[in-house]
Amino acid sequence: MKHYHGTPLGGTRESVARFVVAANRFFLVPYGRDEDLPIVADQSCGFCVDNGAFSAWKSGNPITNWQGYYNWCRDLQRNPRFDFAIIPDVIDGTEEQNKALFAEWFQRCKTERGIIEGAAVWHMHESVEYLDYLIRMGGRVLCIGSSGDHATPGTERWHERMA
């Protein structure tokens, strides 16, 4: 299993470069906070990208137009260190909203190499049937997002849902 270190990384550019270059490190770069992307894309063992939906949602400005993210992913997937992109999602949305974004990924992220490798997000307030759908239809990686009554990781309610 790969462990992805989240960026942006703190410290000086020199300390970031030393950390990235260290052996066997993989990184997750969020859309809109890609200041570490040049060194990660050039020197890491590999990287994935996050759509930034959670940070945008927490700020009260959820993303409604994903075209910029799709274009960014299309450019990045050419990098040999690129692993996958997290497919856009609506944090507190309905299954229908997230299913529409999941389907949109396959329409908007076609390239000369095929569909960009994407990781769907299943939110813990969504049904197990929708989780089954994502497993059947999705790629090799699936993300789980804490949400709804299960929004706080580590609580009894969260552990019950995870079980």
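Among residues of region 57-70 being of a type outside the set (G, A, S) and open to solvent by 70 Å² or more (accessible area, probe 1.4 Å), the one that is farthest from the chain's Cα centre (by Cα) is N61.
So which residues in region 140-153 are of a type outside the set (S, T, Y) and open to solvent by 50 Å² or more (accessible area, probe 1.4 Å), if there are any at all? Of everything in region 140-153, those that are of a type outside the set (S, T, Y) and open to solvent by 50 Å² or more (accessible area, probe 1.4 Å) turn out to be R140, L142, I144, G148, D149, A151, P153.
Give the number of residues within region 124-138 that are touching an Asp or Glu at 6+ places or on another chain (Cβ under 7 Å) and not in a helix (DSSP H, G or I).
So the count comes out to 3.
Taking region 60-80 as the range and being of a type in the set (S, T, N, Q), free of Cβ contacts under 8 Å to residues at least 24 places away in the same chain and assigned to a helix (DSSP H, G or I) as the test, only N71 passes.
Look through region 81-90, keep the residues that are of a type outside the set (A, V, I, L, M, F, W, C) and farther than 16 Å from M137 by Cα, and return whichever of them is most open to solvent (accessible area, probe 1.4 Å).
Per the criteria, the residue is R81.
Among the candidates G93, G32, the residue that is surrounded by fewer than 18 Cβ atoms within 10 Å (Cβ to Cβ) and either within 12 Å of the chain's Cα centre (by Cα) or under 30 Å from D149 (Cα atoms) (or both) is uniquely G32.
For region 1-22, filtering for residues that are open to solvent by 80 Å² or more (accessible area, probe 1.4 Å) and either in contact with a Cys (Cβ under 7 Å, 6 or more places away or on another chain) or part of a loop (DSSP other than H, G, I, E, B) (or both) leaves 3. Of the residues F106, F54, F47, the single one that is touching a strand residue (DSSP E or B) at 6+ places or on another chain (Cβ under 7 Å) and buried (at least 16 other Cβ atoms within 10 Å of the Cβ) is F47.
From the list E126, E117, the lone residue that is open to solvent by 60 Å² or more (accessible area, probe 1.4 Å), of a type in the set (D, E, K, R) and touching a residue at least 12 places away in the same chain (Cβ under 8 Å) is E117.
Does I135 meet the test of being at pLDDT below 95 and either of a type in the set (S, T, N, Q) or surrounded by fewer than 17 Cβ atoms within 10 Å (Cβ to Cβ) (or both)? For I135, the condition - at pLDDT below 95 and either of a type in the set (S, T, N, Q) or surrounded by fewer than 17 Cβ atoms within 10 Å (Cβ to Cβ) (or both) - is met. Filtered by the rule that a residue be among the β-branched types (V, I, T) and farther than 14 Å from C109 by Cβ, region 20-76 gives V20, V21, V29, I39, V40, I63, T64.
The values are calculated or read from the model by the stated rules, or taken from the named source; none is laboratory data. All figures in this text were calculated on a predicted structure; none of them were measured in a lab. FYI the Cβ positions are ideal-geometry reconstructions off the backbone, even for glycines, and counts take in every protein chain you see. With ligands, DNA and RNA removed, areas are computed over all heavy atoms of the protein, side chains included. Shrake-Rupley method; radii C 1.70, N 1.55, O 1.52, S 1.80 Å.
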